[in-house]
1. Looking at LEU35, LEU62, LEU49 in this structure, which one is in a helix (DSSP H, G or I) and surrounded by 17 or more Cβ atoms within 10 Å (Cβ to Cβ)?
2. Which condition from (1) away from the ligand (no atom under 16 Å from the Cβ); (2) among the aliphatic types (A, V, I, L, M); (3) more than 30 Å from ASP178 (Cβ to Cβ); (4) under 19 Å from the mean Cα position of the chain (by Cα) is the one that LEU49 breaks?
3. When you look at ARG85, is it within 15 Å of the ligand (Cβ to nearest atom), assigned to a helix (DSSP H, G or I) and surrounded by 16 or more Cβ atoms within 10 Å (Cβ to Cβ), yes or no?
4. Which of the residues belonging to the range 5-28 are in a loop (DSSP other than H, G, I, E, B) and either touching a Gly at 6+ places or on another chain (Cβ under 9 Å) or of a type in the set (S, T, N, Q) (or both)?
5. Consider GLN40 against the criteria (1) in a helix (DSSP H, G or I); (2) over 14 Å from the mean Cα position of the chain (by Cα): it satisfies all of them except one. Which criterion is unmet?
6. Could you figure out which of (1) outside any helix (DSSP H, G or I); (2) open to solvent by less than 40 Å² (accessible area, probe 1.4 Å); (3) under 22 Å from ILE8 (Cβ atoms) isn't true of ALA73?
Amino acid sequence: MYRFQSRIVDRMRVGRVLLAGDLAHLVAPFGARGLNSGVQDAENAAWKLAFVRRGWAGDGLLSSYHDERHAAAVENLDVTGATMRFLVPGTDEERRHRLSTLERAATDPAAHAQVDSGRLAEPFWYTDSPLTTPDPARAGTGRPPRGSLPPAGPGVLVPDAPVAVAGRRTRLRALARDGFLLLTTDTAAAAAPSFGVAAAGVPVRLLSLPDIDRTGALTAALTARPGELWVIRPDAHVAAVLREPAVTAALRRALGAG
Ligand SMILES: Cc1cc2nc3c(=O)[nH]c(=O)nc-3n(C[C@H](O)[C@H](O)[C@H](O)COP(=O)(O)OP(=O)(O)OC[C@H]3O[C@@H](n4cnc5c(N)ncnc54)[C@H](O)[C@@H]3O)c2cc1C
């Protein structure tokens with residue numbers, strides 16, 4: 001007999017303390033969301049602590065740890081709760097629902113997706129985070145339907161695509177780790193050696209998608225369009241997608257390409 005609990009704390013940040021992992025949230029193991037979400041808590045906290053300690057950001061960045069990771073824990077509880085209601089129905093209604101779904105699924109492939117034997121862990125989408133700038137041109141950035149994989153956009157983790165910088169092969173998420181990564185679809189803008197935000201001491205790297213993504217596979221996966229600037233956080237989630245941003249336009253002009 002295996003027992004588990006579904007629990008969540010009210011606050012994941014209390015003063016100088018950040019709560020993470022099973023200490024902050026406990027879920028049923030179906031879906032592999034326990035350890036995965038604990039690691040994502042740590043990943044979320046790590047860059048925020050580093051930025052605040054180095055004076056690159058204020059206390060508000062630490063508060064966003066609760067906003068982002070508590071929302072992720074609530075989603076994990078919702079998903080694993082639904083699985084458990086299907087696998088171990090607690091009421092007559094839940095039992096009837098399970099039986100009718102299984103009976104339909106025996107002959108109707110369209111009903112297969114309703115057989116809830118666990119939805120594997122996915123990185124949470126910080127679409128409603130105070131750190132994320134929504135992009136009205138990218139509709140439907142909420143949680144995708146089960147089994148679908150929509151393209152990246154604000155709040156979403158970028159694919160860990162292979163890229164090359166100055167001939168050296170690496171991966172996109174590894175590139176993102178050192179600070180904020182700005183990806184432009186414009187080669188002329190990326191020729192500029194520095195970028196305005198770097199003046200505040202925050203490490204910011206500007207790269208051009210056409211330069212690092214010679215095959216175009218990443219650009220296609222992101223659905224990045226000409227004239228866009230992708231702002232990527234150190235945990236490789238997209239903070240914003242800006243179009244024809246003033247700074248890019250100014251750099252293009254200053255480089256004689258505008
Ligand atoms: C049967 C089962 C299957 C699972 N399968 C998966 C899976 O497939 N995928 C997945 O993502 N997750 C899975 N999980 C969940 C996963 O194991 C946990 O979410 C994860 O281990 C939590 O990590 P943690 O570091 O937060 O806590 P823990 O792993 O519980 O670590 C806490 C540590 O603190 C120590 N400790 C406690 N009190 C003290 C103290 N006073 N002083 C010093 N040390 C102390 C404990 O001994 C322990 O080593 C599963 C869990 C179970 C039970």
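The values are calculated or read from the model by the stated rules, or taken from the named source; none is laboratory data. Because the structure is a prediction, the values reported are computed rather than measured. A quick note on method: Cβ atoms are made from the backbone with ideal geometry, for glycine too, and the neighbour counts reach across all protein chains shown. Areas reflect the complete protein model, heavy atoms only, side chains present, ligands, DNA and RNA absent. Shrake-Rupley method; radii C 1.70, N 1.55, O 1.52, S 1.80 Å.
1. LEU62
2. (3)
3. no
4. GLN5, SER6, ALA20, ALA24, VAL27, ALA28
5. Result: GLN40 passes all but (2).
6. (1)
So that you can scan it fast, the table gives a plain yes or no per residue for (1) outside any loop (DSSP other than H, G, I, E, B); (2) assigned by TED's automatic domain parsing to the domain that holds PRO151; (3) at pLDDT 90 or above:
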{"site": "ALA192", "(1), (2), (3)": "no, yes, no"}
{"site": "VAL197", "(1), (2), (3)": "yes, yes, no"}
{"site": "ASP211", "(1), (2), (3)": "yes, yes, yes"}
{"site": "LEU218", "(1), (2), (3)": "yes, yes, yes"}
{"site": "VAL231", "(1), (2), (3)": "yes, yes, yes"}
{"site": "VAL238", "(1), (2), (3)": "yes, yes, yes"}
{"site": "LEU242", "(1), (2), (3)": "yes, yes, no"}
{"site": "ALA249", "(1), (2), (3)": "yes, yes, no"}
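Residues are listed down the side, and each one gets a yes or a no for (1) within 19 Å of TYR126 (Cα to Cα); (2) in the same structural domain as GLY179 (by TED's automatic domain parsing); (3) not small (Gly, Ala, Ser):
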| position | (1), (2), (3) |
| --- | --- |
| GLY31 | no, no, no |
| ASN36 | yes, no, yes |
| ASN44 | yes, no, yes |
| ALA50 | no, no, no |
| ALA72 | yes, no, no |
